[in-house]
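No lab work stands behind these numbers, since they all come straight from the coordinates. No experiment lies behind these values; they were computed from the predicted model shown. Ideal geometry is used to build each Cβ from the backbone, glycine not excepted, and the neighbour counts take in all protein chains shown.
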Amino acid sequence: MNLLNEAASLLRQGDCFLILTHRRPDGDTIGSSAALCLGLRAMGKQAWILDNPEITPRYLPFWEGLTRPDRPEGAILVSTDVSAPDMLLRGAEDLAKSVQLCLDHHSSNPGFAPCNVVRPDYAAAGELIYELLQELEIPLTPQMGLALYLAVSTDTGGFRYANVTGHTFQVAAACCAAGAEIFPLNRAFFTVKSPARIRVEAHLSDTIEYFAGGKVGICSLSLADMAALGATEDDVDDLAGFARTIEGVKIGVMLRDQADGLGKISLRTDDDVNAAELCGMLGGGGHKAAAGANAPGGVPGARAAILDVLAKKGLLE
C-alpha cells in the first residue's frame with residue numbers, strides 16, 4: 001500500500017489528534033506540526049500540538065492557538081520531524097510507544113510507529129506534510145503556507161544547502177501561491193542578527209579548533225559562554241553549520257552543553273563524508289550531510305567523543 005495513502009486514511013478515520021515534535025525544536029518540526037494541525041482542523045477534526053517546553057520566543061507565533069499541555073482522551077498521536085523515539089520532546093518520553101503515525105525525513109529513522117512515512121529524499125519534513133495535505137485534498141491557507149515555508153526554508157538554510165531539490169522549490173512556490181507573506185520571515189531568520197548573535201559568532205571565530213590541516217573545524221559553546229555573551233537559544237538558532245562557512249573546512253562540528261549534563265554534537269559535512277554514519281557511532285543519527293549525537297560530560301566529553309570517532313575513521317590525518 002502507498003504509505004502516504006495509508007497515513008491519509010488514518011487521519012481521515014480519526015477524530016482527535018495530538019501532534020508531537022522533537023526536543024530543542026527547530027523550524028521544520030515547528031512548521032510541519034503547525035501546518036498539519038491547521039490542516040486537520042480544516043477537515044473538522046480536533047487537533048492539537050503538545051506544548052514543547054524548549055520552544056523559543058521567535059517560534060511561538062507559529063503555534064498560537066494550536067497547543068495544549070496534555071493528551072486529550074483517545075487522541076491519536078502523530079510525530080513530525082522526529083528521527084527516533086528518544087528525540088521526542090522532553091517530558092513526552094512515555095508517549096513514544098503510543099505514537100501511531102511517524103512523519104519524517106531522516107534516513108536514520110528506525111520506523112518506531114505502526115505507520116511510518118519517511119522520505120530521506122526530502123530536504124525537510126515540511127515537504128512531506130505538504131504532500132500529505134495534498135493527498136487529503138486540503139487547500140493551503142496563508143497560515144498553512146507560512147508554516148510550511150518556515151519548515152522548508154529553515155531546514156535548507158534559506159535554500160542554500162545541498163539537500164535542496166526541485167520539489168523543495170515546488171513546495172515553497174505553493175506556499176507563496178497560497179498567500180504566505182515570506183519577506184518578514186526571510187528577513188527575521190536569514191538576514192537580521194541580534195547583537196548577542198554577533199558576539200557569539202565572534203567568540204566562535206576566536207576559539208575554533210582546526211584539525212587535519214584545516215579540513216576539520218570544531219566550535220564549542222558552553223553554558224558559561226552563553227551567559228557571558230548574554231545569548232539566548234534564539235541567538236544560537238541554526239548555529240550548527242558555522243564552522244562549515246569557513247573556507248577549507250569540510251567537516252564542521254558544533255559542541256554545546258545541555259542542561260542534563262550531556263554534550264550535544266552537531267555535525268555538518270562535505271559530500272564525501274557521511275555525517276549520519278559518524279554520529280551513528282555515538283548513538284545519534286540524521287542525514288548524510290547533517291547529523292547529531294549526544295555524549296556524557298558536557299562539551300569536554302562531546303569533544304573527546306567526536307575526536308575519537310573522527311580518528312577511528314581516519315579523518316584527522
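Return Glu135, Glu317 ranked ascending by Cβ neighbour count within 10 Å, so the fewest neighbours appear first.
Glu317, Glu135
Let a ≥ b ≥ c be the square roots of the eigenvalues of the Cα gyration tensor of segment 1-111; is it rounded (a/c under 1.5), or, if not, prolate (a/b larger than b/c) or oblate? The shape class here is rounded. Projected onto their three principal axes, the Cα atoms of segment 195-312 cover extents of 36, 33, 21 Å, largest first.
Evaluated with a Cβ-only charge set (Lys, Arg +1; Asp, Glu -1), segment 132-269 carries a dipole of roughly 440 debye about its Cα centre, given to the nearest 20. With q set to 0.07 Å⁻¹, the log10 of I(q)/I(0) for the chain, from the Debye formula over equal scatterers at the Cα positions, is -0.27.
State the extension gain, in nm to one decimal, for the chain segment bounded by Ser205 and Gln134, taking 0.36 nm per residue of separation less the distance between their alpha-carbons.
21.1 nm
Dipole of the chain, Cα-centred, from +1 at each Lys and Arg C-beta and -1 at each Asp and Glu C-beta, to the nearest 20 debye?
In total the dipole reaches around 200 debye.
Between the amide H of Ser220 and those of Leu255, distances stay under 5 Å, these residues lying 5 or more places away or on another chain, with hydrogens modeled in the peptide plane. Within the chain, DSSP assigns beta bridges of which about 45% are antiparallel (rounded to the nearest 5).
Annotation for segment 163-220: GluC sites (Glu not before Pro) lying in DSSP loop with at most 15 further Cβ atoms inside 10 Å of their Cβ are Glu181. When the chain is described by a simple charge dipole with +1 on each Lys and Arg Cβ and -1 on each Asp and Glu Cβ, the residue from His203, Thr154, Thr21 located farthest towards its positive end is His203. Modelled spin labels at Thr191 and Asp238, positioned 7 Å past Cα toward Cβ, are 1.3 nm from each other.
Enclosing the Cα atoms of segment 3-190 in their convex hull gives a volume equal to 105 cubic angstrom per residue.
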